[in-house]
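Participant: Got a structure for you, questions after.
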Amino acid sequence: MSKLKSGLIALFITLFVLNSFLHLAFLPTVMAVLAGLVFCFSVRELKPLNRKMIILLLIGSGFFIWSGPSNFNWGHAVIENAGIVTLLLTAPMLGIILYYAPYETVLLSFANRYIRTNYVFYLMTLCLVAFLCVLMNLATIPFTYQLLAPIAAKYPPVILQRALTRGFILNLFWAPNLICVAVVLKYVHISWQELAGVGLAFSVLAFIGACAVGKYDNPPDESCPKGQSAAEQSQVLDGKSESRGYLFSLFVQVVLILLALVTLIHYVGKSIYVILAIIALGIPLLFAFALGKTGIYRQKLIHYFCSTLPGMSNEFMLFISIGFFGYALAQSPAIIFVQSQLAVLNNFSPSVLVVIIIATITGLSMAGIHPIITISSLAITLGKVDIGLSSVQLAISLLAGYIMYMLLSPFSSMVMILSGLFKQNVYEMGLRLNGRYALVLALLVAFAIHVWRQI
């Protein structure tokens, strides 16, 4: 059954990419049928929380369809989020390049040589997670946890916990391989090029906030310096130049991926979803040929099709359902009523609206409502109301709300991963761990957008 699901999902991805170039009328219908088959084969394997969300989404969609036009396009509704789903499913392929060299050993060697204080350990982990997130998405957190385990044992666990979470969210303002960015781009109707520069600036702001708050809330250093044991020293590579060479190679590969992304978007003229899918499937193969690592690529590709793709059927179904809901909402007369109610927002200043948007997404996520549902609904409705914010400013506000969900919500995928790794409850790993930083970041974002509007 897993091979069948993998084949159906892989065919769905292939047809989405092909249709973006060929524009054949029958392909969307075929994609909708494939999505339906995946849904049928995977429904029994749904996680309890995802099952509840999908049921609620389908009930809401049914109401909007019932109250909407009679010529509802079912096929288009099913594949409304095809681009987002394709990005979600293909992005893990980028992580293959991490297996082309002993990067784990090199990074551990580097850490052993230069980390001596709690704060340096915090900063190094923060930067490492932000860098790896471009390749590995959420898998960065367990990967970094395992990588730094020998070093982290010498420091209070809370330092690693905070660095893992705060490092991961730094890229949520701009990285094209992250699902929240893809959703915001789609529903706010802006291009990645419009968001990238501004998003990077807000990521720097989030980094500065993480550095400042980390200096304040991390435990002080012990009086005696933390030295290396003989076992740790044995893990350090003999040649420092070799270590630097590996790190430089990895950095160059990441830069080349980003350059390829920008270049193809500019010259091919397709959406970020199509281009990133092509890059995720093609760039690791090109690097494998260049570095003589085709055997490793083949091995990881087999693992991707046999294990990773079938394991992502829950996410496939959830985002197909969210797209269906969003399409039904946009076609329903109910959206006119919602927009008329939102007219009251004109009574607030745009700066206050930013806080309201962030607080709404955060509050609903704390109650278990997935922020992607809230973001898509807000973007669809607010996008048609004059609220005094530009499209990019609205996008940043929505992404800030998603970041609050990642940091604080007990239902956050990141918080649940941390809870499993550190054997602590989700409230310890969410609100108590990052409540202060989340408040500081939300205020920084609101203030920065306020200043931006005055310029």
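Participant: Kindly indicate whether any position in the range 396-412 is of a type in the set (S, T, N, Q) and surrounded by fewer than 18 Cβ atoms within 10 Å (Cβ to Cβ).
Facilitator: No - not one qualifying residue is present in the range 396-412.
Participant: Continuing with this model, one more query. Checking the condition at pLDDT 85 or above and under 20 Å from Leu11 (Cα atoms), which residue from Phe316, Phe325 passes?
Facilitator: Phe316
Participant: May I pose another question? Can you tell me which residue is surrounded by the most Cβ atoms within 10 Å (Cβ to Cβ) among those in the range 212-263 that are modelled with pLDDT under 85 and basic (Lys, Arg)?
Facilitator: Result: Lys226.
Participant: Tell me yes or no: at least one residue of the range 121-141 is surrounded by fewer than 20 Cβ atoms within 10 Å (Cβ to Cβ) and of a type in the set (Ser, Thr, Tyr).
Facilitator: No, the range 121-141 contains no residue that is surrounded by fewer than 20 Cβ atoms within 10 Å (Cβ to Cβ) and of a type in the set (Ser, Thr, Tyr).
Participant: Would you confirm whether or not the range 36-46 contains a residue that is under 14 Å from Ser313 (Cα atoms), at pLDDT below 85, among the charged types (D, E, K, R) and surrounded by fewer than 18 Cβ atoms within 10 Å (Cβ to Cβ)?
Facilitator: yes
Participant: Is one or more of the residues making up the range 5-21 among the charged types (D, E, K, R), in a helix (DSSP H, G or I) and more than 26 Å from Leu301 (Cα to Cα)?
Facilitator: no
Participant: In addition: What number of residues within the range 95-120 satisfy the criterion of being free of Cβ contacts under 8 Å to residues at least 60 places away in the same chain and surrounded by fewer than 19 Cβ atoms within 10 Å (Cβ to Cβ)?
Facilitator: So the answer is 3.
Participant: Inspect all residues belonging to the range 433-455 and state whether any of them is among the polar types (S, T, N, Q), within 19 Å of Asn137 (Cβ to Cβ) and without any contact (Cβ under 8 Å) to a residue 60 or more places away in the chain.
Facilitator: No, there is no match, as no residue in the range 433-455 is among the polar types (S, T, N, Q), within 19 Å of Asn137 (Cβ to Cβ) and without any contact (Cβ under 8 Å) to a residue 60 or more places away in the chain.
Participant: Looking only at the range 282-321, count how many residues are under 24 Å from Gly36 (Cβ atoms) and surrounded by 13 or more Cβ atoms within 10 Å (Cβ to Cβ).
Facilitator: So the count comes out to 17.
Participant: Against the conditions (1) hydrophobic (A, V, I, L, M, F, W, C); (2) modelled with pLDDT of 90 or more; (3) not in a helix (DSSP H, G or I), where does Ile369 fall short? Just the number, please.
Facilitator: Condition not satisfied by Ile369: (2).
Participant: Only one of these conditions is not met by Asn19: (1) at pLDDT 85 or above; (2) surrounded by fewer than 16 Cβ atoms within 10 Å (Cβ to Cβ). Which number is it?
Facilitator: Going through (1) at pLDDT 85 or above; (2) surrounded by fewer than 16 Cβ atoms within 10 Å (Cβ to Cβ) one by one, Asn19 breaks only (2).
Participant: When Ala175 is evaluated against the numbered criteria (1) among the aliphatic types (A, V, I, L, M); (2) assigned to a helix (DSSP H, G or I); (3) more than 19 Å from Arg432 (Cβ to Cβ), which criterion, by number, is the only one it fails?
Facilitator: Condition not satisfied by Ala175: (2).
Participant: Quick one: which of Ile375, Ile275, Ile361, Ile279 is at pLDDT 85 or above, surrounded by 16 or more Cβ atoms within 10 Å (Cβ to Cβ), in contact with a Cys (Cβ under 9 Å, 6 or more places away or on another chain) and farther than 25 Å from Ser70 by Cα?
Facilitator: Going through Ile375, Ile275, Ile361, Ile279 in turn, just one is at pLDDT 85 or above, surrounded by 16 or more Cβ atoms within 10 Å (Cβ to Cβ), in contact with a Cys (Cβ under 9 Å, 6 or more places away or on another chain) and farther than 25 Å from Ser70 by Cα: Ile375.
The values are calculated or read from the model by the stated rules, or taken from the named source; none is laboratory data. Keep in mind that what you see is a predicted model, and the values were worked out from it rather than measured. Cβ sites come from the backbone with ideal geometry, for glycine too, and all protein chains shown count toward neighbours.
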